[in-house]
1. Would you confirm, using the coordinates I've provided, whether Leu337 is farther than 30 Å from His408 by Cα and in contact with a helix residue (DSSP H, G or I) (Cβ under 7 Å, 6 or more places away or on another chain)?
2. So Arg353 clears everything in (1) without any contact (Cβ under 8 Å) to a residue 40 or more places away in the chain; (2) over 25 Å from Gly331 (Cα atoms); (3) among the basic types (Lys, Arg) except one condition, right? Which one?
3. So Glu608 ticks every box in (1) within 22 Å of Glu473 (Cα to Cα); (2) among the acidic types (Asp, Glu); (3) open to solvent by 30 Å² or more (accessible area, probe 1.4 Å) but one. Which box is left unticked?
4. Among the numbered criteria (1) under 18 Å from the mean Cα position of the chain (by Cα); (2) closer than 20 Å to Met72 by Cα; (3) open to solvent by less than 10 Å² (accessible area, probe 1.4 Å), which single criterion is violated by Ala124?
5. Could you please tell me which pairs satisfy a Cβ distance under 9 Å, a separation of 6+ or placement on different chains, a first residue in the range 43-54 that is of a type in the set (Val, Ile, Thr), and a second residue that is buried (at least 17 other Cβ atoms within 10 Å of the Cβ)?
6. Among the helices (runs of 4 or more DSSP H) contained in the range 513-606, which hold 3 or more residues that are in contact with an Asp or Glu (Cβ under 9 Å, 6 or more places away or on another chain) and at negative phi?
7. Of the residues in the range 379-394, how many are outside any loop (DSSP other than H, G, I, E, B) and surrounded by 19 or more Cβ atoms within 10 Å (Cβ to Cβ)?
8. Does Pro104 count as surrounded by fewer than 24 Cβ atoms within 10 Å (Cβ to Cβ) and not hydroxyl-bearing (Ser, Thr, Tyr)?
Amino acid sequence: MTDADLRTLAAHTIRALSIDGVNAANSGHPGAPMGLADIATVLWKDILRFDPKNPDWADRDRFVLSNGHASMLVYSVLHLTGYDLPLQQLKDFRQLGSKTPGHPEYGLTPGVETTTGPLGQGFANAVGFALATRMAKARYNGKGGFDPISHRVYCIMGDGCMMEGITSEAASMAGHLGLGELIAIYDDNQITIDGSTDITFTEDVEARYQAYGWHTLRVDGHDQAAIKDAIEAAQKVEDKPSLILAKTHIGYGSPNRQDKAKAHGEPLGDEEGRLTKEKLGWTGGLFEVPDDVRKFFADAAALGTGDRERWDERMSKWRGEHEDLAAAWDGGAVADLDEAVAAALADAKGATRAMSGQAINAIAPKVAGLVGGSADLAGSNKSLIKDTTMIATNDFAGRNISFGVREHAMAAITNGLALYGGFVPFGATFLTFSDYMRPAVRLSALMKIRALQVFTHDSIGLGEDGPTHQAVEHLWALRMIPGLYVWRPADGVETAMAWTYAVQGGEPAPHALVFTRQSVAKLDRADGFSTTDVHKGGYVLKDREGAKAAIIATGSEVGLAVDAANALEAKGVPVRVVSMPCVERFLEQDAAYQASVLPPGMKRAAVEAGRSTPWKILTGLDGLEFGVDSFGESAPYEEVYAHFGLTPENIAEKIAAWV
């Protein structure tokens, strides 16, 4: 068998496995894997550096399938190249408990670098990978002898990815920074669910990407030699990301569905599957892999294993020669971080956004991997890391990233930085703009990665900018994302502890750190308080013997709750004040601790400058809530708080009558 014939057989094997997997599930998207099989063959045989024996090898090439509905493509190739993905997993495609879900999921399937479901997210993650690669090169390469970072980032994207706005944001940033490590392949099959792309998408994609500052090439997506030549040409362009526009046929080989919308999201079925295989000259049975194809891909995997073993040897020597760099490479928890940051913020005054800036700069000298930036609001978000530079086109040694006004891409790029390893990344913007970021934040929670987001200007406390910028529903909207920790600290101590937990506390998870624009008071705490009590999410801040009720509050409203409690005490109504900077952490504590803070039978009120109804989960149906259940108003913040009844006098009066 000639090499050309073997390569064709390899591509047809991917097509056949994809047809069989989707048919077995009676659900899925066969068309894109069938169209992309030649590209996948070239990538895994000729281009990618990978080692199935060590899927997390630090210098592996990263591959992202942004059009994640084409998941049978990547599952087929991961199986063929020897990852821990047995053939039975392909037969169990889309079934409960399998490692082959409908869209690839990070942490579930070996060799899958990120969770790609919503279109465009994977592409933006790939930009994050490329940025991380360039930043890692600046930190670790060129120090004499061995350079530990030499990999690239490859991404396949479809028409749907290309239409999504997040892709434009991320592509613009990648072009601006000249991320030559990134090579994206556009599966230009001109078909979406509703039909031909002509009905919605007629722009000149190549011209758009050239305008972004990308290097572009065009190729026949079924000519493996041309595909290889195009990728190798892109590898030589180091100062620009590359886009390869590959013209393909969706449902390649299907007599009745090739180039038709029905090939996108419907199984071919047994008869059309049989006819397709017959047309392709495929004679194997269901889920069959020819021995020649197994060896074809096994040889590529063996080369990768050899590369990794040689890298390990050189890396071991590099570690001995650069112990300081090796320590930064390894990272790890900092033993005294809580104490150091708490001490730095012990006397903090002003707005909690300013305290957050202090916390960032207390953490940065101790946590080398802390990097991040803002969506054009660094001065307002107080997000700059001092004594370092801003990432720029020709300088990636710094730790500050200017994302521009690109909130959605910022969150997804932050995910890419977190997935890459070695970095604890954060983005920053106003809380109301978390709406623009929600899909990427949700994915960070699904992936359980330590991607941090700083949200300032957190409520009606923003004041004069008015209801368009005043966050009302956003705190609870974020709290509803499973696995996301939302921190709204009340003063310097809580700000310090929120940051330290986000950076290294608990299992890896995303954190939203929410801060005020207006000033807050330094709080006095009950005897026996430990700063790490904040890590429990909620604790007794102020108590009185015989307390008839507990007032639960967060952020700037904790000070209101304390003032209201003092007013109630003067009325002969003793109450307890509970500060709850993180509802999620409090609900994770055991029942005994929760009862010690909020005893059963004690009446409960909640005070927060946002939607009030969700607080019923802690106050109960007979509880009392003070909040903002409409949109805000444009006025000085003191007037807006008074307008919504968020004053110590009103709170005390209502609680006294209620108790």
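1. Values: farther than 30 Å from His408 by Cα: yes; in contact with a helix residue (DSSP H, G or I) (Cβ under 7 Å, 6 or more places away or on another chain): yes.
Yes; evaluated as a whole, the condition is true for this residue.
2. Against the list (1) without any contact (Cβ under 8 Å) to a residue 40 or more places away in the chain; (2) over 25 Å from Gly331 (Cα atoms); (3) among the basic types (Lys, Arg), Arg353 comes up short only on (1).
3. Just one mismatch for Glu608, condition (3).
4. (2) is the only condition that Ala124 fails.
5. Final answer for the pair search is Ile47/Asp61; Ile47/Arg152; Ile47/Tyr154; Ile47/Ile183; Ile47/Lys228; Ile47/Ile231.
6. Details: elements: 557-570, 583-588, 591-597.
Counting at least 3 such residues, we get 557-570.
7. Of the range 379-394, the ones outside any loop (DSSP other than H, G, I, E, B) are 379-381, 390, 392.
Then keep just the ones that are surrounded by 19 or more Cβ atoms within 10 Å (Cβ to Cβ); that gives 381.
The qualifying residues number 1.
8. Values: surrounded by fewer than 24 Cβ atoms within 10 Å (Cβ to Cβ): no; not hydroxyl-bearing (Ser, Thr, Tyr): yes.
So Pro104 does not fit the description; no.
The values are calculated or read from the model by the stated rules, or taken from the named source; none is laboratory data. Quick caveat, the model's predicted, so the values are computed rather than measured. Positions of Cβ are backbone-derived with ideal geometry, glycine not excepted, and every protein chain shown enters the neighbour counts. Heads up: the accessible areas ignore ligands, DNA and RNA and are worked out on the full protein's heavy atoms, side chains in. Shrake-Rupley method; radii C 1.70, N 1.55, O 1.52, S 1.80 Å.
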